[in-house]
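Input: a single structure, listed below in structure tokens.
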Amino acid sequence: MTIDEYEPDDILYEISRKLANVNIHNMSLDADAETIEKSTLPTIRYYLYSHDKAMCLQSVEMLRRYLTQVGGSSESAQDILALDILPRINEILTWDEASSIQFECAWIVTNIAAGSSEQTYALVESGIVDSLLICIRRNNCSPNTRAQIAWALSNFAGESAQLREMLMEKRAPAVVAEVLKTIHDEIYTQVYTYSYSYGKMHITDQEMCTNVKALVWSLANMSRGGFKTANYWSVYCPVFEVLEKLIHFDHNDILTDACWGLSRILYSMHEVPSFYRNVSISFELCSRLSQLLRRSSIPIIVPALRAIINITSGPDEHSVILLKSGLLNHIPALMTPDFPAGIRRDAFLLIGNIAVCGGLLIQKIINNNNLIKCVLAHVRVPGKIYNQETRQWDPTLGYMYCEIDEEWKITSEALSIISNIISRGSSSCVREFLKDENEVPATLVHLLRSQDVPLQPTQKCIDAIINLVERTNLLSSGSSDQQNNTDQVNTYSLELLNEGLIPLLEGQYELHDEDDSIKTRCDVLEGILEEGIETMKKIKAKQNQSKSLAGMFGMVEARNTLISTNKRRVLHGPEDGDIRLIENAIGNLSVSNGGE
């Protein structure tokens, strides 16, 4: 099972939904042109219907200039719509040969579609989308016109989930993907040859590069969801495949938008078997995404990291491929304060997803010393440091500047990782982890000494402690180095008790008395520890000669009630994925589920 966490306020993910008013190749194209007055529009309209294509071209150029002059406005778009010229624009777009005129028409549509919802839907109702698709499919359609059409289609996609679904029904993303694939195949050899000399995959033809950027941005925008995207897996397949190719080009805009597109598709296609049967999560893809995490540009790191998270939320074998690409070596740096809290939290969530896979993947996590140290360092009260002498959390100098809510989310993720390692790791793996990181029991208890811990991290901390006691019970009861299991000592339980865990649990129960999940967890944990105390008393009566508490603390029968988390994806907006997943995510908002 995969849990979807809904976070509508994350601003890092946003790319522009609708853009207008500039040509994709030359923003200053009309800088010296005369202003088109509104009073001249009827005359311009008259020439639009001329059989003379030169005169028709001049007319559409003037209409486009009216739309874009002085930054353009919704009023100017309304003026154009009032001319009732959409039937003529539709007609021109379907001509066999009129590339320059069609380019200008696509530009007009782009700017009107960037206007109000009413203006955008007026275009749709005129049938303009079908005309654009007819035009872009023609073999003699110029690259510039195709890029401009893609931009127009993207503006429709930016309007609403309803229009994105309409584009899916018409297979518009697949059409744009085919255009982009053709360009990629034509320029790849030249770009690859360039990389031999300069070490980067650069498109040297600036006009072609601009077209590619527009096409990639269009696909990223059309990949947003908000409807039942699972029904359109066959449309997403060619989009995914071409974006996978484009992330190897070293242009920041292309990388950013291609990664967003991949992330959105992977999110929407979660648990859609037909999609995964027709695309490949390849080593090359995983290696490139991992490599992008080393870049200093946050706009690239954010979507690349989200794409990787969505890969790990899928089948375990995909996580195996990611780890083979060296992913874990790039993650510790993203967990440091050098990066925004949103990126750091995503980095922790990623490791939590990998830890859910268990087995050899957990072994690789604990073998990465830098990674484990980062995880343990974040089991803390944000902006404070634990004082061993006073057993209190003291504010640091940076406490006033700490994003407390975001930092608590990171603490919750760190606790999930620890909990998953303990509950899902192999016996040898867990023993190695607890031996090398012997501060784990005390670190968990120290966190509960603070009365500032919110509900979710409190739940996760108690879950981790329950897992620690239960798993070490299982490990000790299965040990072959002692003949009498009844006399075995769980030193981890003893350490938890010596740290004062029982009164701290009572304090947490009082602090969160309105939440039944805390009471349930406290009862479970206290029950486990009390059984241990009772066993200890029996041993003491039987072995009166034993004086030390460590020698008297006995093991209870292992009950194997380990708690583990599920894989998760983060949904950052109501239009970013499949509606079935969005409904699940929003539904979870009202559910207090510490086990996640």
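Below is a table of values for the structure above.
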quantity	calculated
Selection status of Asn353, polar (S, T, N, Q) and surrounded by fewer than 20 Cβ atoms within 10 Å (Cβ to Cβ)	no
Subset tally (residues that are over 24 Å from Glu271 (Cβ atoms) and either open to solvent by 40 Å² or more (accessible area, probe 1.4 Å) or touching a Gly at 6+ places or on another chain (Cβ under 8 Å) (or both)) for segment 314-335	2
Residue in segment 116-129 that is in a loop (DSSP other than H, G, I, E, B), on the phi < 0 side of the Ramachandran plot and open to solvent by less than 20 Å² (accessible area, probe 1.4 Å) present	no
Residue among Ile410, Ile418, Ile362, Ile366 that is in contact with a His (Cβ under 9 Å, 6 or more places away or on another chain) and of a type in the set (Val, Ile, Thr)	Ile410
Tabulated pairs, segment 442-458, first farther than 15 Å from Lys384 by Cα and of a type outside the set (S, T, N, Q), second outside any loop (DSSP other than H, G, I, E, B) and open to solvent by 50 Å² or more (accessible area, probe 1.4 Å), C-beta under 8 angstrom, 6+ apart or interchain	Ala442/Glu495
Members of segment 44-85 found to be in a helix (DSSP H, G or I) and among the charged types (D, E, K, R), listed by number	Arg45, Lys53, Glu61, Arg64, Arg65, Glu75, Asp79
Selection within segment 421-432 - outside any helix (DSSP H, G or I) and hydroxyl-bearing (Ser, Thr, Tyr)	Ser426
Residues of segment 378-405 satisfying the condition of being outside any strand (DSSP E or B) and free of Cβ contacts under 8 Å to residues at least 24 places away in the same chain	Gln388, Glu389, Thr390, Thr396, Leu397, Gly398, Tyr399, Met400, Tyr401, Cys402, Ile404, Asp405
Selected residue (only one of Ala230, Ala172, Ala157 is crowded, with 24+ Cβ neighbours inside 10 Å and either without any contact (Cβ under 8 Å) to a residue 60 or more places away in the chain or over 22 Å from Ile108 (Cα atoms) (or both))	Ala172
Of residues in segment 217-226 being outside any loop (DSSP other than H, G, I, E, B) and under 18 Å from the mean Cα position of the chain (by Cα), the one surrounded by the most Cβ atoms within 10 Å (Cβ to Cβ)	Leu219
Given (1) in a helix (DSSP H, G or I); (2) open to solvent by 10 Å² or more (accessible area, probe 1.4 Å), number of the condition Ile343 does not satisfy	(2)
Residue in segment 380-402 that is crowded, with 17+ Cβ neighbours inside 10 Å and among the polar types (S, T, N, Q) present	no
Helices (runs of 4 or more DSSP H) fully within segment 433-550 counting 3 or more residues that are over 30 Å from Pro395 (Cβ atoms) and at pLDDT 75 or above	455-477, 491-498, 516-542
Filtered residues of segment 35-81 (kept if hydrophobic (A, V, I, L, M, F, W, C) and open to solvent by 80 Å² or more (accessible area, probe 1.4 Å))	Val70
Within segment 385-416, tally of residues that are closer than 27 Å to Asn498 by Cβ and of a type in the set (Asp, Glu)	2
Where a residue in segment 44-70 is under 18 Å from Asn111 (Cβ atoms) and its partner, wherever it lies, is of a type in the set (Lys, Arg) and open to solvent by 70 Å² or more (accessible area, probe 1.4 Å), with Cβ under 9 Å and at least six apart	Ser59/Arg45; Leu63/Arg45; Tyr66/Lys38
Yes/no for Gln148 being under 30 Å from the mean Cα position of the chain (by Cα), surrounded by fewer than 24 Cβ atoms within 10 Å (Cβ to Cβ) and either assigned to a helix (DSSP H, G or I) or among the hydrophobic types (A, V, I, L, M, F, W, C) (or both)	no
Hits in segment 86-102 - residues which are under 13 Å from Leu57 (Cα atoms), open to solvent by 70 Å² or more (accessible area, probe 1.4 Å) and assigned to a helix (DSSP H, G or I)	Ser100
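For every residue, the table says whether it meets (1) within 19 Å of Leu371 (Cβ to Cβ); (2) among the small types (Gly, Ala, Ser); (3) in contact with a helix residue (DSSP H, G or I) (Cβ under 8 Å, 6 or more places away or on another chain).
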residue	(1), (2), (3)
Arg264	no, no, yes
Met269	no, no, yes
Ser282	no, yes, yes
Leu285	no, no, yes
Ile308	yes, no, yes
Thr312	yes, no, yes
Leu322	yes, no, yes
Ser325	yes, yes, yes
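Here is a yes/no grid of residues against (1) open to solvent by less than 20 Å² (accessible area, probe 1.4 Å); (2) touching a Gly at 6+ places or on another chain (Cβ under 7 Å); (3) over 26 Å from Tyr192 (Cα atoms):
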position: Leu266; (1), (2), (3): yes, no, yes
position: Leu289; (1), (2), (3): yes, no, no
position: Pro299; (1), (2), (3): no, no, no
position: Thr312; (1), (2), (3): yes, no, yes
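The values are calculated or read from the model by the stated rules, or taken from the named source; none is laboratory data. Given the structure is predicted, the values throughout are model-derived calculations rather than measurements. All Cβ positions, glycine included, derive from the backbone under ideal geometry; neighbour counts span all protein chains shown. The area values use the complete protein model at the heavy-atom level, side chains included, leaving out ligands, DNA and RNA. Shrake-Rupley method; radii C 1.70, N 1.55, O 1.52, S 1.80 Å.
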